[in-house]
1. Which FRET efficiency, nearest 0.05, do residue 79 and residue 204 yield, Cβ-Cβ r, R0 51 Å?
2. Angle between the Cα long axis of helix 340-357 and the longest principal axis of the chain, 0 to 90 degrees, nearest 10?
3. Would you mind getting the Kirkwood hydrodynamic radius of region 325-376 from its Cα pairs, rounded to one decimal in Å?
4. Report, to the nearest 10°, how far helix 218-227 tilts away from the longest principal axis of the Cα atoms in the chain, using its own Cα long axis and a range of 0 to 90°.
5. If each residue of separation counts as 0.36 nm, what is the full-extension length gain between residue 129 and residue 35 once their alpha-carbon separation is subtracted?
6. Spin-label point model (7 Å from Cα, Cβ direction): what's the residue 195 to residue 87 distance in nm?
7. Give the calculated FRET efficiency between residue 70 and residue 352 to the nearest 0.05, with a Förster radius of 22 Å applied to their Cβ-Cβ distance.
8. Of 104/375; 156/293; 47/243; 47/163; 2/156, which sit over 19 Å apart, Cα to Cα?
Amino acid sequence: MKVTFVSNFLSTHQIPFSFAMRELLGVGYVFVESFLQEKGSYKLSGKEYPFVLKAYDGKESFRKAEQLVLGSNVVIFGSGDYRLIRRRIKHNKITFFYSERIFKSHAPTIKDYVLRGIQKKIVYPWAGRNNYLLCASAYAAYDFEYCGLFPNRMYKWGYFTSKQANRQIKQSSSIPRLLWAGRMLGWKNAWLEECLAKQLLNENINFKMIIIGDGEKYAELEKRIIKDGLGDWVEMTGSLSHKEVLAHMVNSDIFCFTSNHNEGWGMVLNEAMQAGCACVASRVTGSTPFLIKDGENGLIFENENLRDFVKKVKQLILDVDLRQHLQAAAVETIENEWNANVAAKRFIDLVEDINNRGESMRFVDGPCSRAEILKDDR
């Protein structure tokens with residue numbers, strides 16, 4: 001089997017899946033970069049990967065990319081140069097489009113429906129029977145169905161970590177360690193952490209909180225923490241390397257994932273679960289409904305609802321048995337189901353099912369299971 005993955009550039013999110021596919025298919029898997037990425041948060045430090053073809057690197061490279069896209073058994077198209085995909089669609093070959101949700105900042109409207117309908121017919125001809133959607137958000141299926149795209153041809157997907165061998169479950173500390181990590185943007189809702197800390201202190205509940213990240217809301221949050229006298233309990237580290245963030249996750253008991261609808265996926269949730277954190281996650285982020293089963297491997301709170309958020313975190317602080325149970329279950333979820341190795345194997349099974357029957361019902365949950373039409377709370 002030959003599988004080609006086309007996107008603007010190779011992001012850190014796509015590397016584990018690419019390595020897993022390369023292990024299964026050898027040179028039968030190629031990642032095509034459409035554009036030279038010079039800036040941005042996902043810029044890689046010049047590292048070369050054997051499975052990458054740079055379509056932008058001259059006419060011959062672009063020609064090879066075209067041949068791959070047209071000749072492969074399956075193509076996954078994330079984004080990029082549409083010249084590479086239009087001919088394949090015209091030939092009605094199996095093609096998977098890979099996307100987060102369309103409508104992050106607002107709920108879809110009739111105007112959105114009309115605009116997407118025009119795009120479907122003129123710009124993005126996604127209506128063919130051999131075109132499928134890999135939903136990198138629990139809410140992507142709703143958004144695309146609203147626009148009349150990929151009817152009954154949508155499957156759960158996401159971003160994946162590599163499988164870790166011999167993962168050891170951590171022992172909870174005597175003083176619970178809370179962690180928040182992300183860019184300090186308004187929709188990341190880091191303000192909930194300051195409010196949580198203040199409420200815990202008012203109730204004489206001991207804790208230690210680490211807030212990692214930098215951005216437009218950093219100074220405002222730092223000022224509030226100082227003003228409320230929280231410095232002995234809350235530490236703001238600023239921006240850290242990915243390796244340092246992962247080390248903090250391993251040393252933390254509870255991870256708080258507070259973003260709103262603008263969080264298309266949120267890889268920090270995968271990583272915190274794999275590191276053995278008991279996670280409290282906002283219902284409306286893209287990864288939460290796929291990764292978290294409320295009360296089984298984490299807790300879910302209602303979006304930007306401070307009372308519900310504080311209640312769930314307090315529950316984990318005060319109930320050590322529950323906290324340890326959720327920590328172990330979180331690790332198991334990532335190690336047994338939501339990792340790159342499982343996703344790669346399931347993707348190949350999905351393709352075989354579609355080749356034979358035009359659909360797949362093989363998986364009940366997790367990567368490559370059918371994506372439900374899930375509406376958020378807006």
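1. Approximately 0.50, to the nearest 0.05.
2. 40
3. Result for region 325-376, one decimal place: 12.3 Å.
4. Long axis of 218-227 versus the principal axis of the chain: about 10 degrees.
5. 31.0 nm
6. Between residue 195 and residue 87, the simple spin-label model gives 5.5 nm.
7. 0.55
8. 47/163; 2/156
Here, each number is a calculation from the coordinates, and none is a lab measurement. Bear in mind that the values here come from a model prediction, so they are computed numbers and not experimental data. Every residue, glycine as well, gets a Cβ built from its backbone with ideal geometry; the counts of neighbours run over all protein chains shown.
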